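These notes are about the structure you will find just below.
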């Protein structure tokens, strides 16, 4: 009798988001926050579902957008795209030199419209990243979050309340 190929979800994991809290606004979307890299070269998961919530700051609010994107390594070692400041794959602040450089390196997984109401919570559902890379999950990847939800370069996100997580997905034969 033939078996079935089923989805196999591994345990979800939280990203460390210490430096995401109080993230400054970037009107041109070239500056933001970068997660630690996820190494898929050993487990070789077919996909990763990512999701999360963002809590906006209480002041200097404007209607805008929060963008969540994925940066895939250029090679397995991993080799990352060149940036103006910060280190891709290390949790913390990250800035690209130009908008075009950011658009070439970052594959958007969520564009979240935000209004000017203070301290709002915005969520985005678990979304697969393999589709952003032609259906094949990169061997190494990291998240990039940017946005323009405040009127200046002041904090657009609150000092707490934001969270990002991922859930690996594989297939198994039964």
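A short reminder: the numbers here are calculations on the coordinates, not readings from a lab. This one's a predicted model, so the numbers in the text were calculated from it and none came from an experiment. Quick reminder, even Gly has a Cβ in these numbers, built from the backbone with ideal geometry, and neighbours come from all protein chains shown.
Inter-label distance, residue 100 to residue 79: 2.2 nm, where each label sits 7 Å from its Cα along the C-beta direction.
What order do you get for 173, 166, 9 when you list them from fewest to most C-beta neighbours inside 10 Å?
The fewest-first ordering by Cβ neighbours comes to 173, 9, 166.
Taking 0.36 nm per residue of separation and subtracting the current Cα-Cα distance, fully stretching the chain between residue 18 and residue 44 would add 6.6 nm.
Please give the Cα centre distance for the stretch 36-53 versus the stretch 117-174, rounded to the nearest Å. That distance is 12 Å.
I need the per residue convex hull volume for the stretch 47-123, using only the alpha carbons, in cubic angstrom as a whole number. Working shown, then result.
On the way: hull volume 9.2 nm³, N = 77.
Measuring per residue, one finds 120 Å³ for the Cα hull of the stretch 47-123.
Taking the stretch 141-169 and a reference point 7 angstrom along Cα→Cβ of residue 87, the backbone N atoms nearer than 19 Å belong to 141-145.
Taking a point 7 Å out from the Cα of residue 11 in the direction of its Cβ, the residues of the stretch 142-174 whose backbone N falls within less than 14 Å of it are 166-168.
Can you tell me, using C-alpha contacts under 8 Å and at least 6 residues apart, the relative contact order of the chain as a whole percent? The partial results should precede the final answer.
Details: 458 pairs, mean separation 82.3, N = 174.
Relative CO of the chain lands at 47 percent.
Comparing 157, 74, 23 in a Gaussian network model of the chain (Cα springs below 10 Å), the most mobile by mean-square fluctuation is 74. Placing pseudo-labels 7 Å out from each Cα toward the beta carbon at residue 27 and residue 151 gives an inter-label distance of 1.3 nm.
Helix content alone sets the calculated 222 nm mean residue ellipticity of the chain: runs of n ≥ 4 DSSP H residues at -39500 (n - 2.57) each, divided across all residues, give -1000 deg cm²/dmol.
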